[in-house]
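Asks: Questions regarding the structure given below will be posed in turn.
The values are calculated or read from the model by the stated rules, or taken from the named source; none is laboratory data. Since we're looking at a predicted model, the values are computed, not measured. When we count neighbours, we look across all protein chains shown, and the Cβ atoms used for this are built from the backbone with ideal geometry, even at glycine.
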Amino acid sequence: MSATTSRPLTPRTAGGEARTRGRRTAYLGLELWRVVRDLVTMFFVVGLPAFMYVLFGASAGYSQENAGNGNVALYVMISMAAYGAVTATVGIGGMAAVERMQGWGRQLGITPLGDGTYVATKAVVALVVAVLPIAVVYVLGLLTGAEGTLAAWLGSAAVLVVGAVLFALYGLVFGLAFRSEAAVTAASGSLVVLGFLGNIFFPLSGLLLEVARFTPLYGYVALARYPLTEGMVVDSTGAMRSEPLWMSVANVAVWTVILAVLATALVRRSRGRQ
């Protein structure tokens, strides 16, 4: 009686791995195309921050005044790029949560791609789409008189890309909590309020500034500006004050933990209902 060995359902052959990579690449391309073909969304993610930079930065009479390790145009450029990046990641994070709640995750579960590919693909899409407004606004800045040290340019861009992940969690929490596309729209809309509190659109002062320091967008933007300003903050009266780096780092770290814990709790709650 001859012994037989069972063959795995998914053989680890070169051909099988190549097909799996091909499926992953195709799925990534599909997800990217699904996002970028939405012209309304792309306008708010890329076009609006670029327009606001030109309006409040490049074309402003004070754009060439000094601002730390650069000029005011660079300061505004970083702010508008930050707004575009978080708008992108909030929307993608929120829609990923809604898709999972509506059963898209179970559909992928019966394919060779699986949950890991879904999560990794969404992370890559969020990163790529977040880079788009940053790249567009930075190119506009380069062409329209934004000036600063190389460290200010590269350091701020790096913080903007990496820190935008925090707002993918922000969108994820909204999507998991309310289970609807309207919730994702509300999450993206709330960024306008957070943008004002984050010192993006105009400088704050007094009690409002003290409260704003505890909001999530404030720490992210302050950290992105740090290579330019080295912690100097201008309030609405024109007065300048210094903020230590640890305050911005602590703000981002604490909000990352809070949103990660909330997202985890909401995932567990959703599983308990199934």
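Asks: Given the conditions (1) under 26 Å from G155 (Cα atoms); (2) without any contact (Cβ under 8 Å) to a residue 24 or more places away in the chain, and given that M247 satisfies all but one, which numbered condition is not satisfied?
Replies: (2)
Asks: Are any of the residues in region 232-244 in contact (Cβ under 8 Å) with a residue 12 or more places away in the chain and in a helix (DSSP H, G or I)?
Replies: Scanning region 232-244 turns up no residue that is in contact (Cβ under 8 Å) with a residue 12 or more places away in the chain and in a helix (DSSP H, G or I).
Asks: For region 153-210, how many residues are under 25 Å from L143 (Cα atoms), in a helix (DSSP H, G or I) and aromatic (F, W, Y)?
Replies: 1
Asks: Next up: Does S190 count as closer than 23 Å to V72 by Cβ, within 17 Å of the chain's Cα centre (by Cα), surrounded by 13 or more Cβ atoms within 10 Å (Cβ to Cβ) and polar (S, T, N, Q)?
Replies: No, not satisfied.
Asks: Taking the condition under 24 Å from F174 (Cβ atoms) and either in a strand (DSSP E or B) or modelled with pLDDT of 65 or more (or both), does R34 pass?
Replies: yes
Asks: Name every residue in region 216-256 that is of a type in the set (F, W, Y) and over 15 Å from N199 (Cα atoms), in order of residue number.
Replies: Residues satisfying the conditions are W246, W255.
Asks: May I ask you to list pairs of residues, at least six apart or on different chains, whose Cβ atoms are under 9 Å apart, with the first in region 127-154 being touching a residue at least 12 places away in the same chain (Cβ under 8 Å) and buried (at least 18 other Cβ atoms within 10 Å of the Cβ) and the second being of a type in the set (A, V, I, L, M, F, W, C) and part of a strand (DSSP E or B)?
Replies: G148/A67
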